[in-house]
Amino acid sequence: MTNNHRTDQPIKDLIGIGFGPANLALATAIDELSQGAGKPFRTDVIFFEKQPEFGWHRGMLIDGATLQVSFLKDLVTLRNPTSRFSFTAYLHHKNRLVDFINSKTFYPLRTEFHDYLEWVAGHFAPSVAYGHEVLAVRPVRVGEAVRYLEVEARGADGRLTTHRTRNVVFGTGLAPHLPDGGAPSRRIWHSGELLQRTRSLPRDDAQAFAVVGAGQSAAEVAEYLHQSFPSADVHAVLTRYGYSVADDSPFANRVFDPSAVDEFFTAPEDVKRRLLGYHGNTNYAVVDLDLSQSLFRTAYRETVSGARRLHLHNVSRVSKVEEAQEHVNLTVGYLPDSSERHLRVDALIYATGYRPADPLSLLTELESEIKKDDSGRPVLTRDYRVVTTEGVRCGIYVHGANAEHSHGLSAGLLSNTAVRAGEIAQSVTAHAAL
Ligand SMILES: Cc1cc2nc3c(=O)[nH]c(=O)nc-3n(C[C@H](O)[C@H](O)[C@H](O)COP(=O)(O)OP(=O)(O)OC[C@H]3O[C@@H](n4cnc5c(N)ncnc54)[C@H](O)[C@@H]3O)c2cc1C
């Protein structure tokens, strides 16, 4: 239903959908831009976040797991190295700066980085509605033109509210992905729920787990289960020959540079496709070298001792899953000769990755006004603004993994978050001045 304009509702400058690292970085950029311009832009901004509180992949905050990018790629430093929201400022605030330096690492613990993100998020608490899921973004027309957007959100109590804005920024991130036919249940989980699901399991009971997947999360889950459940068998099932190692070498890392976004954005489609293919192994279905080596050593040690608990089913695929009351039966097919193994496990964990949450699913009433590419994805300008018909006079921005096809591999990652957020904030401000 298209809404007509009513003048009695206050109109926000910007509504952010989701409050993960991407929109959190945007909050810092807007704040710093406003301070620079001397006007309190922040009061006109609100972010809706469906989680009840700030959380960055909480289910995978495994003890000892580290960030995969340098702490200097925090929410702000690459945009504004003097920002009060930097990871260094956080360490200083927590009185840990000196010890962090002494620890000689670029890669803080994920739990520590989460604490940093929460600390920054705390500064913006008045501008965030937690426990609010955005259900739809609708056009508000004044005459023929779409002047505003109406954002409908559902609170934790089920109550629906609507809010008007001149701009929306989608920072809706990633949604867990299960293979076709896979559905979460009591004994079948996505890796993103790992800690919540295992919290109440008895540690010393003999259990068996199967972990499907070949990426960083799959390897982390396998190691976590193996270490946390000392009597458990852990079956890692992957279609590859073994875990492949992430390329984080200096030259390859340049694909995440801010300048790489400019080059990628203007490159022809076939070059874009090739670059995504060449450098997919910086991020997708790959594992940090240390972790891969640690798992290999564990498996080898167990082969020597004969007490095997970590079982690697390589070049294999789960072909059948049957869930019973007390266990899950799996058929695992070995791809080279089609032979089958049957496993009985207490839980099956799919570490099969994520897919970008599709912004178009919330924009159905605006869909005919949004320009799409041959694959049906929204076309974005360099500043992450969705290209629309001329009649749409408000801004729709998309950052995160949804921009990977047009802006390159860094779109969904932390690497370029600071700069990207700054570009979106600048664009919103520039359009407001028109
Ligand atoms: C375990 C794990 C570790 C990772 N580690 C790294 C790393 O070390 N380095 C790196 O660069 N990347 C890493 N990543 C990639 C990850 O995508 C980024 O770290 C980061 O989370 C991207 O931020 P985001 O804000 O775009 O998305 P998200 O973090 O996914 O945040 C999106 C937010 O939007 C909310 N939301 C979604 N839909 C709605 C809605 N309709 N209404 C309201 N709220 C909504 C969600 O609840 C969520 O809080 C990791 C990913 C995982 C799963």
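Checking the stretch 89-99 against the condition returns no match, with no residue being free of Cβ contacts under 8 Å to residues at least 24 places away in the same chain, among the basic types (Lys, Arg) and on the phi > 0 side of the Ramachandran plot.
Would you confirm whether or not the stretch 161-175 contains a residue that is loosely packed, with under 13 Cβ neighbours inside 10 Å, under 25 Å from the mean Cα position of the chain (by Cα), on the phi < 0 side of the Ramachandran plot and at pLDDT 95 or above? For the stretch 161-175, residues loosely packed, with under 13 Cβ neighbours inside 10 Å, under 25 Å from the mean Cα position of the chain (by Cα), on the phi < 0 side of the Ramachandran plot and at pLDDT 95 or above: absent.
For the stretch 349-381, the set of residues classified as in contact (Cβ under 8 Å) with a residue 24 or more places away in the chain and of a type in the set (D, E, K, R) consists of 355, 358, 365, 369, 373, 377, listed by residue number. Being surrounded by fewer than 20 Cβ atoms within 10 Å (Cβ to Cβ), in a helix (DSSP H, G or I) and of a type outside the set (Val, Ile, Thr) is the requirement here; does residue 430 meet it? Yes: the conditions hold for residue 430. Helices (runs of 4 or more DSSP H) wholly in the stretch 168-259 with at least 1 residues that are among the β-branched types (Val, Ile, Thr) and touching a residue at least 24 places away in the same chain (Cβ under 8 Å) - which ones? Because the criterion is at least 1 residues that are among the β-branched types (Val, Ile, Thr) and touching a residue at least 24 places away in the same chain (Cβ under 8 Å), the helices (runs of 4 or more DSSP H) in the stretch 168-259 that meet it are 194-198, 216-228.
Okay, residues lined up against (1) within 13 Å of the ligand (Cβ to nearest atom); (2) surrounded by fewer than 19 Cβ atoms within 10 Å (Cβ to Cβ):
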{"position": "86", "(1), (2)": "no, no"}
{"position": "92", "(1), (2)": "no, yes"}
{"position": "98", "(1), (2)": "no, yes"}
{"position": "104", "(1), (2)": "no, yes"}
{"position": "121", "(1), (2)": "yes, no"}
{"position": "124", "(1), (2)": "no, no"}
{"position": "144", "(1), (2)": "no, yes"}
{"position": "149", "(1), (2)": "no, no"}
{"position": "152", "(1), (2)": "yes, yes"}
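For residue 47, indicate whether it is in a loop (DSSP other than H, G, I, E, B) and modelled with pLDDT of 95 or more. No: the conditions fail for residue 47. The residues of the stretch 397-413 that are under 12 Å from residue 384 (Cα atoms) and part of a helix (DSSP H, G or I), listed by number, are 401, 402, 403, 404, 405, 406, 407, 411. Taking (1) in contact with a strand residue (DSSP E or B) (Cβ under 7 Å, 6 or more places away or on another chain); (2) under 26 Å from residue 19 (Cα atoms) in turn, residue 349 satisfies each apart from (2).
Which residue out of 192, 182, 215 is at pLDDT below 95, in the same structural domain as residue 325 (by TED's automatic domain parsing) and surrounded by 13 or more Cβ atoms within 10 Å (Cβ to Cβ)?
Step by step, each of 192, 182, 215 is checked, and only 182 is at pLDDT below 95, in the same structural domain as residue 325 (by TED's automatic domain parsing) and surrounded by 13 or more Cβ atoms within 10 Å (Cβ to Cβ).
For the stretch 79-90, the criterion of being in contact with a strand residue (DSSP E or B) (Cβ under 8 Å, 6 or more places away or on another chain) and either outside the structural domain of residue 368 (by TED's automatic domain parsing) or closer than 21 Å to residue 400 by Cα (or both) is met by no residue.
Here are 78, 117: which of them is near the ligand (Cβ under 10 Å from one of its atoms), in contact (Cβ under 8 Å) with a residue 40 or more places away in the chain and out of contact with any Ser or Thr (no Cβ under 8 Å at 6 or more places or on another chain)? Going through 78, 117 in turn, the sole match is 117.
The values are calculated or read from the model by the stated rules, or taken from the named source; none is laboratory data. Just so it is clear, the structure is predicted and the values come from calculations on it, not from any experiment. Every residue, glycine among them, receives a Cβ derived from its backbone with ideal geometry; neighbour counts consider all protein chains shown.
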